[in-house]
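Notes for the one structure printed next.
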Amino acid sequence: MTNLLIHSMSEFSSLILPSLEKANVRNIAEVGSEFGGMSQVLADYCGSKQGMLHCVDPEPREGFAEWVASSSAAIHHPAPSLEMIDQLEDIDAWVVDGDHNYFTVSRELGAIDAVCRRDEKPLLAFLHDVSWPCARRDMYYAPDRIPEGERHDYSYDHGVVLENNVAVPKRGFKGNGEFAVALEAGGPRNGVLTAVEDFIAEADSEHRPLYYVHVPAVFGLGVIFDASQDWSDDMAQFLLPFHANPLLASLEENRLRNYLAVIDWQDRTAEA
């Protein structure tokens, strides 16, 4: 089943790598490495620039440790992102694909922004899962790490479907014990895109010039970058054809509907 659904951030390499080049990036911090698919792409890039990739993930998947130990351009920091981000230095770009919920992402962005200001670096961040299902609905890999007052009611057994903001028992896109989903989508402080929008709104209130690009494919790629840099307009023009692209959005909805139909068939077959 997993092979039927492309989901890695590496699918965006043709957009991310040229963007890194345009911004003269050398050192990258990656929040959330999982199996290391995107990590290897980023490490190759950093190696070509005599830079370093910093992988921040408390519990990466099988095979990651062996790969990172063999890489001369990557180092692993086995700690939660909110404990590690402010300890990193000289980072030119941030690739965020960790825990997909408002509390974590909003604080990751705040911490990243603070580090950029401290080190006098322009903000450049690539974020995954800014589209369905996590745009307006929290997902939790480790609910206990989220303060109770910041955490929505959740379930490991419920799944999500496109037509319903309320999670469905034992149906739809679900974590099968690996992650939990908020029982309802929408509302304040819920979801990755909501965290991104609130961060940008705060920057606007401070009259800080930021660009935001939203690529509506493969669960959504968001790119936030400093609009005052000499490379920012070039990057904006490069990414603009993909921003809120209706064709990409239609293709994404189609693949999700097909995948959800396969999941439903599988679930009903198992019950029978």
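The values are calculated or read from the model by the stated rules, or taken from the named source; none is laboratory data. Just so it is clear, the structure is predicted and the values come from calculations on it, not from any experiment. Heads up, the Cβs are rebuilt from the backbone with ideal geometry, glycines too, and the neighbour counts pull from every protein chain shown. Quick note on the areas: whole protein, heavy atoms, side chains included, nothing else; ligands and nucleic acids left out. Shrake-Rupley method; radii C 1.70, N 1.55, O 1.52, S 1.80 Å.
Across the options LEU247, ALA185, CYS46, the greatest Cα extent toward the positive end of the charge dipole of the chain (unit charges at beta carbon of Lys, Arg, Asp, Glu) belongs to LEU247. Less than 5 angstrom separates the built amide H of LEU210 from those of ALA227, all sequence-distant by 5 or more or on a different chain. Across the chain, the mean sequence separation of Cα contacts (distance under 8 Å, 6 or more residues apart), normalised by length, yields a relative contact order of 17 percent. What would the Debye formula give as log10 I(q)/I(0) at q = 0.17 Å⁻¹ for the alpha-carbon point model of the stretch 55-158, no solvent? Each listed q maps to, in turn, -0.91.
Computed about the Cα centre, the dipole magnitude for the stretch 74-217 is approximately 480 debye when only Lys and Arg (+1) and Asp and Glu (-1) carry charge, each at its Cβ.
Cα-based radius of gyration for the stretch 10-59, normalised by 2.2 N^0.38 Å, reads 1.07.
For the stretch 41-56, backbone phi angles converted through the Karplus equation (6.51, -1.76, 1.60; θ = phi - 60°) give residue-by-residue couplings of 5, 5, 5, 4, 5, 4, x, 5, 10, 6, x, 9, 9, 9, 9, 10 Hz, Gly and Pro being listed as x. Annotation for the stretch 193-272 versus the stretch 28-45: alpha-carbon center distance of 19 Å. At q = 0.11, 0.14, 0.15 Å⁻¹ the log10 of I(q)/I(0) for the stretch 154-223 amounts to -0.38, -0.57, -0.63, computed by Debye summation with a single uniform scatterer per C-alpha, solvent ignored.
Taking one quarter of the surface of the convex hull spanned by the alpha-carbon atoms of the stretch 96-157 gives a direction-averaged projected area of 4.9 nm². Per residue, the chain exposes 48 Å² of solvent-accessible protein surface, assessed with a 1.4 angstrom probe and all protein chains in place.
For the chain, a Gaussian network of Cα nodes joined below 10 Å ranks ARG257, ARG189, ARG137 by mean-square fluctuation, and the top entry is ARG257. Seen from ASN27, the other residues with C-beta closer than 12 Å to its C-beta sum to a net charge of -2, counting Lys and Arg as +1 and Asp and Glu as -1. Think of it as helices only: each DSSP H run of n ≥ 4 in the chain is worth -39500 (n - 2.57), and spread over all residues that comes to -11000 deg cm²/dmol at 222 nm. May I have the pair-distance distribution P(r) for the chain, computed from all Cα-Cα distances with 10 Å bins from 0 and rounded to whole percent? P(r) for the chain, in whole percents per bin: 7, 29, 37, 22, 5, 1, 0.
Each pair of Cα atoms in the stretch 65-119 enters the Kirkwood radius, and Stokes-Einstein at 25 °C and 0.890 mPa s then converts it into a translational diffusion coefficient of 197 µm²/s. Per the Debye calculation on the stretch 96-235 with a single equal scatterer at every Cα and no solvent contribution, log₁₀ I(q)/I(0) for q = 0.10, 0.16, 0.17 Å⁻¹ amounts to -0.35, -0.81, -0.90. Contact order, relative form, for the stretch 180-242: 21 percent (alpha carbon pairs under 8 Å, 6 or more residues apart, mean separation divided by residue count).
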